[in-house]
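A.B. asks: One structure follows; several queries about it will come next.
We did not get these values from a lab; they are worked out from the coordinates using the rules stated. Computed from a prediction, not measured in an experiment: that's the story for all the values here. Every residue, glycine as well, gets a Cβ built from its backbone with ideal geometry; the counts of neighbours run over all protein chains shown.
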Amino acid sequence: MAQETITSVVMFADVAGSTAIYENLGNELARERIAKALNMLISITKRHKGVLVKTIGDEILVYFTDVDMAVLAARTIQETMEDDSSPETIGVLIRIGMQYGSAILEDNDIFGDTVNIAARVVGMAKARQVLCTQEIAFKLSNPELSSSMRPYDRIRVKGRDEPLDIYILAWEEEGDITNMATASSFTNPAHHIQMQKLTLSHGENKYLITNEAISYMIGRGLDCDLTIIGELISRHHSKIEHRRGKFIITDHSTNGTFVQPTEGQEVFLRGEELTLIGSGGIGLGRSVKKGEPDLHFLCE
């Protein structure tokens with residue numbers, strides 16, 4: 001197949017919490033239930049003029065040349081799954097992420113920045129959510145769909161100077177929607193205090209992370225932004241990002257990450273994230289209470 005550049009909406013529709021489904025139902029039943037749910041999603045997207053690119057594990061990758069049809073498909077998916085009482089798919093929840101822009105079609109696959117951002121957006125979504133970028137929210141011509149878009153978050157993406165505004169589709173009844181606090185509004189002048197920089201100290205060395213940080217990886221791997229050697233430290237142990245004016249630490253390790261604020265109780269993270277506030281210590285795989293922390297942090 002010859003290479004072709006198209007402008008489209010790229011959609012990822014993913015089964016949320018699939019690991020728990022496998023644990024609760026067993027591999028055979030879970031696989032059957034998820035497969036039937038994905039077939040339902042594929043059928044809905046095709047009815048809305050979507051083109052299935054491929055199925056990747058527990059998610060589908062689809063593209064649409066019509067923005068309104070893409071959002072209608074996303075809404076229909078969530079409404080259908082919400083009303084579904086079929087024992088074959090009951091309990092399966094879907095999260096959706098979309099981006100609009102140019103992409104490359106080649107060998108029955110799709111590539112490019114638009115695909116990468118759509119994957120990043122679906123990774124932010126929770127079960128039953130439809131998230132998209134501002135490009136999609138602002139290109140809708142259907143007034144009903146346009147009025148159902150709400151500001152949700154703001155993210156930084158490698159290669160872009162300005163952050164991307166993320167919107168959520170309010171497909172449920174208004175009374176069922178939990179609205180974002182006004183402090184999360186993109187235009188609110190009374191926005192919460194913005195943390196501009198985070199300083200990490202390891203031994204006599206200091207490392208500055210600014211609010212431009214997209215992903216700052218800490219671990220014993222030589223490809224990390226900050227390499228720290230230790231028996232309990234994983235190769236990619238913890239990641240720090242700047243999101244919504246805060247510095248967030250996320251544990252990716254085997255032995256967990258311990259955060260001890262200067263004021264407050266120590267917090268243990270395993271596969272979880274925490275907002276760093278003020279100052280304190282971070283232990284990689286071991287409690288800060290049991291000795292000198294691996295890192296000191298200061299948010300300003």
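A.B. asks: What ranking, highest mean first, results for peptides 22-30, 160-168 when packing means the other Cβ atoms within 10 Å averaged over each residue? Could you put the intermediate results ahead of the total?
C.D. replies: Values: 22-30: 12.9, 160-168: 16.0.
So the order, starting with the most tightly packed, is 160-168, 22-30.
A.B. asks: Label points 7 Å out from Cα along the Cβ direction at Ile248 and Leu222: separation in nm?
C.D. replies: For the pair Ile248/Leu222, the computed spacing is 3.2 nm.
A.B. asks: For segment 164-170, just list the computed ³J(HN,Hα) in residue order, Karplus coefficients 6.51, -1.76 and 1.60, θ = phi - 60°, integers in Hz, with x standing in for Gly and Pro.
C.D. replies: 9, 7, 9, 10, 10, 7, 7
A.B. asks: Which part of segment 1-41 falls in the paramagnetic zone of Phe111, meaning amide N under 16 Å from the point 7 Å along Cα-to-beta-carbon?
C.D. replies: Counting backbone N atoms under 16 Å from the label point, the list is 1-6.
A.B. asks: Search the structure for amide H atoms under 5 Å from the amide H of Arg243, placed 1.01 Å from N in the peptide plane, and list their residues when 5 or more places away or on another chain.
C.D. replies: For Arg243, whose amide H was placed from the backbone, the distant partners under 5 Å are Ile248.
A.B. asks: Related question: What is the dipole size for segment 4-184, taken about its Cα centre, with +1 at each Lys and Arg Cβ and -1 at each Asp and Glu Cβ, in debye to the nearest 20?
C.D. replies: So the magnitude is around 240 debye.
A.B. asks: Something else now. State, as an integer percentage, the relative contact order of the chain based on alpha-carbon contacts under 8 Å between residues 6 or more apart.
C.D. replies: After rounding, I find 12 percent.
A.B. asks: Size of the chain along its principal axes in angstrom, Cα-based, largest extent first?
C.D. replies: 61, 49, 48
A.B. asks: Most mobile of Glu212, Glu172, Glu263 per a Gaussian network model of the chain (Cα springs, under 10 Å)?
C.D. replies: Highest fluctuation among the options: Glu263.
A.B. asks: Just to be sure I understand: with springs between alpha-carbon atoms less than 10 Å apart, which residue in Pro261, Pro151, Pro143 has the highest mean-square fluctuation in the Gaussian network model of the chain?
C.D. replies: Pro143
A.B. asks: Which order results if Val67, Val51, Val62 are arranged by neighbouring Cβ count within 10 Å, fewest first?
C.D. replies: Listed from fewest to most nearby Cβ atoms, that is Val51, Val67, Val62.
A.B. asks: A follow-up question, please. Given the -39500 (n - 2.57) contribution per DSSP H run of 4+ residues, what per-residue ellipticity at 222 nm results for the chain, rounded to the nearest 500 deg cm²/dmol? Write down the numbers at each step before the final one.
C.D. replies: Values: 6 runs with 69 residues, N = 300.
Estimated from H runs of four or more residues: -7000 deg cm²/dmol.
A.B. asks: Using a 7 Å offset from the Cα along the Cα-to-Cβ direction at both Thr19 and Ile104, what is the distance between the two label points in nm, to one decimal?
C.D. replies: According to this spin-label approximation, the distance is 3.3 nm.
A.B. asks: Once the dipole of segment 4-184 is set up with Lys and Arg at +1 and Asp and Glu at -1 on Cβ about the Cα centre, which of Ala20, Ile44, Ile110 lies farthest towards its positive end?
C.D. replies: Ile110
A.B. asks: Here's something else I'd like to know. Connecting C-alpha atoms closer than 10 Å in a GNM of the chain, tell me which of Asn116, Asn255, Asn108 has the biggest fluctuation.
C.D. replies: Asn108
A.B. asks: Then there is this: Estimate the FRET efficiency between Ser287 and Glu82 by the formula 1/(1 + (r/R0)^6), using the beta-carbon distance for r and 45 Å for R0, to the nearest 0.05.
C.D. replies: Values: r = 43 Å, r/R0 = 0.96.
About 0.55, to the nearest 0.05.
A.B. asks: Kirkwood Rh, segment 1-58, all Cα pairs: how many Å?
C.D. replies: 13.2 Å
A.B. asks: With a Förster radius of 30 Å, plug the Cβ-Cβ distance of Lys197 and Arg128 into 1/(1 + (r/R0)^6) and report the FRET value to the nearest 0.05.
C.D. replies: The formula returns an efficiency of 0.25 here.
A.B. asks: Starting at the first residue of segment 283-298, write each ³J(HN,Hα) from the Karplus equation 6.51 cos²θ - 1.76 cosθ + 1.60 with θ = phi - 60°, in whole Hz, x for Gly and Pro.
C.D. replies: Computed from phi, the couplings for segment 283-298 are x, 9, x, 8, 5, 5, 5, 8, x, 5, x, 5, 9, 9, 10, 9 Hz.
A.B. asks: Take the alpha-carbon positions of segment 197-299, form their convex hull, and give its projected area averaged over all directions (one quarter of the hull surface) in nm².
C.D. replies: On the way: hull surface 23.4 nm².
Spelled out: convex hull of the Cα atoms, projected over all directions, averaged, 5.8 nm².
A.B. asks: Give, in nm to one decimal, the length gained when the segment between Lys49 and Ala2 is fully stretched (0.36 nm per residue of separation minus the Cα-Cα distance). Please report the intermediate quantities before stating the final value.
C.D. replies: Numbers: separation 47, 0.36 × 47 = 16.92 nm, distance 2.20 nm.
Result: 14.7 nm gained on full extension.
A.B. asks: If you don't mind, there's one more thing I want to ask. Provide the gained length on full extension for the span Thr65 to Ile42, in nm with one decimal, where the gain is 0.36 nm per separating residue minus the Cα-Cα distance.
C.D. replies: Stretched fully, the Thr65-Ile42 segment lengthens by 6.7 nm.
A.B. asks: Moving to a separate point now. Does a label point 7 Å from the Cα of Glu231, set along Cα-to-beta-carbon, have any residues of segment 237-263 with amide nitrogen under 12 Å, and which are they?
C.D. replies: It comes to no residues whatsoever.
A.B. asks: Of Ile6, Met81, His242, whose Cα points farthest to the positive end of the dipole of the chain (charges on the beta-carbon: +1 Lys, Arg; -1 Asp, Glu; origin at the Cα centre)?
C.D. replies: Value: His242.
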